[in-house]
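Read through the structure below, which is laid out as structure tokens, and then see the notes.
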Amino acid sequence: MEAPLKYIFDSIQFLKPEITVSLFLVILVTVDLILGKKNKQILPYISLAGLLITGFFVIQQFETSAFASVQNNIGNFGLIAVDSFGNYFKLIIILSSIFIILFSISSIEIKQAFDRHGEYYSLIFGMILGMMLMVSSVDLILIYLSIELVSLSSYVLAGFTKHSLRNSEASLKYIIYGSAASGIMLFGISILYGIMGTTNIYAINTVLQNGAFQPLALIISCILIFTGFGFKISAAPFHFWTPDVYEGAPIAITAYLSIASKAAGFALLIRFIKITFIQAIGSDGYWQLLEVIDWKSFLIIISIGTMTLGNFAALWQDNLKRMLAYSSIAHAGYMILGLAVFSDQGIMAILIYFMVYLFMNLGAFFVVMLIANRIGSEEIDDYDGLGYKTPLLAVSLGVFLVSLTGLPPTAGFIGKLYLFIALVDAKMIVVAIIALLNTVVSLYYYVRVLKHMFLAKPKSEEGKIAIGYADTVVLMALLIPVFVFGLYFTPIVNLAKNSIALLGF
Amino acid sequence: MASFPILSWITLLPILGMVIILFIPKTQEKAIKGLTLLITSVQVILSIVILAGFNYSKGGVFDASSFQFIEKFRWIDIEGFSWIGRIKIDYYLGIDGISVPLIFLTAIISFISTLSSFSINKSVKGYFAMFLLLDTGMMGVFVALDFFLFYIFWELMLLPMYFLIGIWGGPRREYAAIKFFLYTLLGSVFILLAIIGLYFSTQETLADGTKVFTFNMISMMDPANYTATGILSPFNPNNLRFIAFLGLFIGFAIKIPMFPFHTWLPDAHVEAPTAISVILAGVLLKMGTYGILRINYTMFPEITKQLIWYIALFGAINIIYGALTAMAQKDFKKLIAYSSISHMGFVLLGMASLNTLGISGAVLQMFNHGTITAMLFLIVGVIYDRAHTRDIDGFGGLGVQMPIYTGFTTLAFFAAIGLPGLSGFISEAFVFLGSFGFESIRVIAIISTLGILLGAGYMLWTLQRIYLGKLNEKWTQLPDMDFREYAMLVPLSLIIIFLGVYPSAMLDLMNTSVNSMVQFLSESGKFLGSIK
């Protein structure tokens, strides 16, 4: 067999999840065409089936550690690295996708666009494919392509409900900002290729180890590339799109952007920095980076800026979705700190944080969506007295928000605890204090929602908001882990601990 | 009896009750109230069982083997890697002579404030669910010996307290509730940071000889368990123990509340419903001083000694500042709130004397302040329920109209002033004897006695304005106390009188532990000092 073809066939065994996703993307489009205008209720269930199969393949290859799509001309490095780190993030992406599809089933916004359901679910699958490639690609070209795939799908999804003005505005802003960011990133990639002569980050690492490069060009190219990552994880100062898009997009998509696409961005950022610049890992778990760029100071500054800005801006928000957008910026700030530690403990903290964040943030958005389904508003003022109209939803939202604040005995505390453990272990005390003070600030705006729900009197005496059986089940699937992982976090920590391995390191 | 996990029961029973309440339909208000009363009475009974079974000769404090009613289970155990040590957290409860009075106090105060809560008729279900959650948090703080567990209980109280003040409080309840929440959270994040620092500095030797980092509070008290390089290890020349001490101290001082961190207290007290004021003054404030005694003193003895003069000074400021501010109040409840700040100053002063007399006085004062101030807030509640005002100058001559009520008030006021024969006298006397006996803070002790004078001043003046003189015509319709109010005030009065006459009942309980603590402070402080 010819060499290129052989590499493709050899890779199939490692790419089963990605292949499944692509296959279901095709199935969804086809079924949508066959069904015509009716019976579209079946589409989400096909999607769920596809996700479960994908999840199965991911778990099956969890411990695998190998390159797929190997190119032998650059020292047998491949385009895609399959490792437990990537698989952990794939699980997070799949888990959040499952929840998003469940959300979409009960979302009124999505239901109103009934005739375009086929596009909706195929776009989600396109995004999943992009994200799965993002978390595992080790070649700058593939990195760029996967980011674009995710971005293009999410631009459309953000503006999916066409008749809302806000919605179109969100989509347009997202496109303009996103294309600018990826343009800048592409420019950075081209510079990096120019000085390194290769697009594979493992190969770049080899070049850097040998010390043959132009430092200034390297720094510029890395900062330009960071723009693309920063855009995806909405780190300050690349966060400007976040509040507008989060506020304008359908709630299910907002929730999706805040978890899955952010997780993919983080995985990519961590992989890029670690693989490209690593020199050695000590037995204590601390990384020795090549001293070409002061990533540590850079990330600490970005992180403190991001969390402080996110938290303080959230204080003034009256729209709950917008507030959660700023809160998600703040959380990205905390998580960047985990990377800035440059140790395996820090990565473990990020992994734990993401798993916890998935449940609490999706939970908060789910409740906001259920409430918006009934009262048609996300303004915090309209939440007055909700605790008496719909106790279950209000209490659940309360628990999710308390967990986002990071108070025990909720899972959010465990996420923060491990982050601070990593920081204190690395003796970054001042940074830890700044992050903790940020937590105190965040309490104010989270509790403000509680205040409106429980302390304020209902404006109108309208009847109770009842929720359906299926919605209750989904809610419990999000709520129970928040408590269980708050009190018994052994499984989540064990999983994260076994998932920090990046291919080769 | 040995195998019965009595501490778990007394701590977790309220949570169990909360879960049951969540399943009771909210129209069944009587059932909800009855269940809460039942649970808090069982707590009182359990606390009496604990008192009866308590071995007076065991010291506890820093010696794991002489803690009593110990329950210890592995809770979290995560195998380590080369780069991360094994993570081990225990569910570890146990009590000694310092925590046992506070457990009894918590049980009594919870019971009495349940009675006081019976007048609540807005969202009864939510109220009692929150109340029971709060109860678990309070009890848990006093029995936990694992720092992680301690912190969970510590934080568990915040949310219920926020809602209890915020939903069932007075007109400015939202402001008071969020202020309380933010202040306390600010304090507890410093505590959290210190906990993590201590975790990375202490190692415990397991049965198989391996050493693992630990959250065990008792291991953290023994310098031998510290690692060579831990950031809070005394063996590390660049350690941050001083900063950690301050972090913990500020975290606890906010709860006491110690000047200048006290501003949340008057707001919280004034806005909170009576029962919650009772809990707040009766139990919550004690957590601050308990934390300093249990944690700062034993884990950072050398820094405690270094800063002892300042602790005493802040105690004195609390005493005098609280008393002066109380004197200027027009609102009856605010006056009691400031008097509470003043009385907590005595606890700090007693603790600062570092001798048996002073520390016994401090612990006893914690208990006495709990009962006396609880009674004072109940008294405010009684009159507020009837007159719907707390303006001191708006009353006058109530002694004629409500003689029995006035009798109880006089008793509580005199106890607060420290009249001999009542419990407040003993603890204040001990505090002054103790602090006077410690040369470096003698001057502060002398100045603090002024607080007694001021205390008598504002208390007697208030007594005169509200209860003596000519009866204000507006209040001729006020009825005297009813049965429920008797049930709340009589037990507290009996405790106050009993401990005034026979303080040994409480002092004997804590004596061995206080002695061990004093001895520990003098010895290990020396040891740690020599490393530096």
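Select, from A:PHE359, A:PHE298, the only residue that is part of a helix (DSSP H, G or I), away from chain B (no Cβ under 14 Å), under 28 Å from A:PRO409 (Cβ atoms) and out of contact with any strand residue (DSSP E or B) (no Cβ under 6 Å at 6 or more places or on another chain). Working first, answer last.
Values: A:PHE298 fails: under 28 Å from A:PRO409 (Cβ atoms).
On inspection, the qualifying residue turns out to be A:PHE359.
Quick check on B:GLN477: is it without any contact (Cβ under 8 Å) to a residue 12 or more places away in the chain, under 26 Å from B:ALA275 (Cα atoms) and not in a helix (DSSP H, G or I)?
Numbers: without any contact (Cβ under 8 Å) to a residue 12 or more places away in the chain: yes; under 26 Å from B:ALA275 (Cα atoms): yes; not in a helix (DSSP H, G or I): yes.
Judged against the criteria, B:GLN477 is a match.
With the condition kept exactly as written, say whether any residue in segment B:170-181 is closer than 15 Å to A:LEU450 by Cα, surrounded by fewer than 23 Cβ atoms within 10 Å (Cβ to Cβ), out of contact with any Asp or Glu (no Cβ under 6 Å at 6 or more places or on another chain) and more than 10 Å from every other protein chain (Cβ to nearest Cβ).
yes
Given A:ILE275, A:ILE281, which one is touching a Gly at 6+ places or on another chain (Cβ under 9 Å), more than 22 Å from A:LEU370 (Cα to Cα), surrounded by fewer than 24 Cβ atoms within 10 Å (Cβ to Cβ) and touching a residue at least 60 places away in the same chain (Cβ under 8 Å)?
Unique residue meeting the criteria: A:ILE275.
Is it true that B:ALA129 is more than 9 Å from every other protein chain (Cβ to nearest Cβ) and more than 18 Å from the chain's Cα centre (by Cα)? Explain how you work it out, then say what you get.
Values: more than 9 Å from every other protein chain (Cβ to nearest Cβ): yes; more than 18 Å from the chain's Cα centre (by Cα): yes.
Against the criterion (more than 9 Å from every other protein chain (Cβ to nearest Cβ) and more than 18 Å from the chain's Cα centre (by Cα)), B:ALA129 qualifies.
When you look at B:ALA177, is it more than 23 Å from B:PHE520 (Cα to Cα) and either modelled with pLDDT of 85 or more or touching a Pro at 6+ places or on another chain (Cβ under 9 Å) (or both), yes or no? Quick ask: steps written out before the conclusion?
On the way: more than 23 Å from B:PHE520 (Cα to Cα): yes; either modelled with pLDDT of 85 or more or touching a Pro at 6+ places or on another chain (Cβ under 9 Å) (or both): yes.
Taking the combined requirement at face value, the residue satisfies it.
May I ask you to say which residue of B:GLY53, B:GLY59 is buried (at least 17 other Cβ atoms within 10 Å of the Cβ) and either at pLDDT 85 or above or not basic (Lys, Arg) (or both)?
Details: B:GLY53 fails: buried (at least 17 other Cβ atoms within 10 Å of the Cβ).
After applying the criteria, what remains is B:GLY59.
Suppose we filter B:PHE163, B:PHE150 for residues that are surrounded by 21 or more Cβ atoms within 10 Å (Cβ to Cβ), more than 10 Å from every other protein chain (Cβ to nearest Cβ), of a type outside the set (Asp, Glu) and assigned to a helix (DSSP H, G or I); which single one remains?
Working: B:PHE163 fails: more than 10 Å from every other protein chain (Cβ to nearest Cβ).
Of the residues listed, the single one that is surrounded by 21 or more Cβ atoms within 10 Å (Cβ to Cβ), more than 10 Å from every other protein chain (Cβ to nearest Cβ), of a type outside the set (Asp, Glu) and assigned to a helix (DSSP H, G or I) is B:PHE150.
Answer with yes or no whether B:ILE320 is assigned to a helix (DSSP H, G or I) and either modelled with pLDDT under 90 or buried (at least 24 other Cβ atoms within 10 Å of the Cβ) (or both). Break it down stepwise before answering.
Working: assigned to a helix (DSSP H, G or I): yes; either modelled with pLDDT under 90 or buried (at least 24 other Cβ atoms within 10 Å of the Cβ) (or both): no.
When the stated conditions are applied, B:ILE320 does not pass them.
Return only the number of the condition from (1) more than 10 Å from chain A (Cβ to nearest Cβ); (2) within 25 Å of the chain's Cα centre (by Cα); (3) more than 30 Å from B:PHE118 (Cα to Cα); (4) not charged (D, E, K, R) that B:LEU186 does not satisfy.
For B:LEU186, the exception is condition (1).
Limited to segment A:445-467, what total is found for residues that are within 13 Å of chain B (Cβ to nearest Cβ), closer than 14 Å to A:ALA394 by Cβ, touching a helix residue (DSSP H, G or I) at 6+ places or on another chain (Cβ under 7 Å) and of a type outside the set (D, E, K, R)?
Looking only at that region, the number is 9.
Of these, A:LYS90, A:LYS38, which one is in a helix (DSSP H, G or I), closer than 30 Å to A:PHE114 by Cα and charged (D, E, K, R)?
On the way: A:LYS38 fails: in a helix (DSSP H, G or I).
Being in a helix (DSSP H, G or I), closer than 30 Å to A:PHE114 by Cα and charged (D, E, K, R) holds for just one of A:LYS90, A:LYS38, which is A:LYS90.
Can you tell me which residues in segment B:51-90 are in a loop (DSSP other than H, G, I, E, B), out of contact with any strand residue (DSSP E or B) (no Cβ under 9 Å at 6 or more places or on another chain) and either facing chain A (nearest Cβ under 10 Å) or of a type outside the set (Val, Ile, Thr) (or both)?
Of segment B:51-90, the ones in a loop (DSSP other than H, G, I, E, B) are B:54-63, B:67, B:79-86.
If we keep only those that are out of contact with any strand residue (DSSP E or B) (no Cβ under 9 Å at 6 or more places or on another chain) as well, we get B:56-57, B:59, B:61-63, B:81-82.
Within segment B:51-90, B:TYR56, B:SER57, B:GLY59, B:PHE62, B:ASP63, B:PHE81, B:SER82 meet the criteria.
Considering segment B:189-215 alone, what residues qualify as being within 13 Å of chain A (Cβ to nearest Cβ), touching a residue at least 40 places away in the same chain (Cβ under 8 Å) and not in a helix (DSSP H, G or I)?
Listed by number, the residues that qualify are B:PHE213, B:PHE215.
Only one residue in A:ALA470, A:ALA422, A:ALA477, A:ALA432 is at the interface with chain B (Cβ under 9 Å from one of its Cβ atoms) and either part of a helix (DSSP H, G or I) or in contact with a His (Cβ under 9 Å, 6 or more places away or on another chain) (or both), so which one is that?
Working: A:ALA470 fails: at the interface with chain B (Cβ under 9 Å from one of its Cβ atoms); A:ALA422 fails: at the interface with chain B (Cβ under 9 Å from one of its Cβ atoms); A:ALA477 fails: at the interface with chain B (Cβ under 9 Å from one of its Cβ atoms).
Just one listed residue meets the conditions, A:ALA432.
The values are calculated or read from the model by the stated rules, or taken from the named source; none is laboratory data. As the structure is a prediction and not an experimental result, all values here were calculated from the model. FYI the Cβ positions are ideal-geometry reconstructions off the backbone, even for glycines, and counts take in every protein chain you see.
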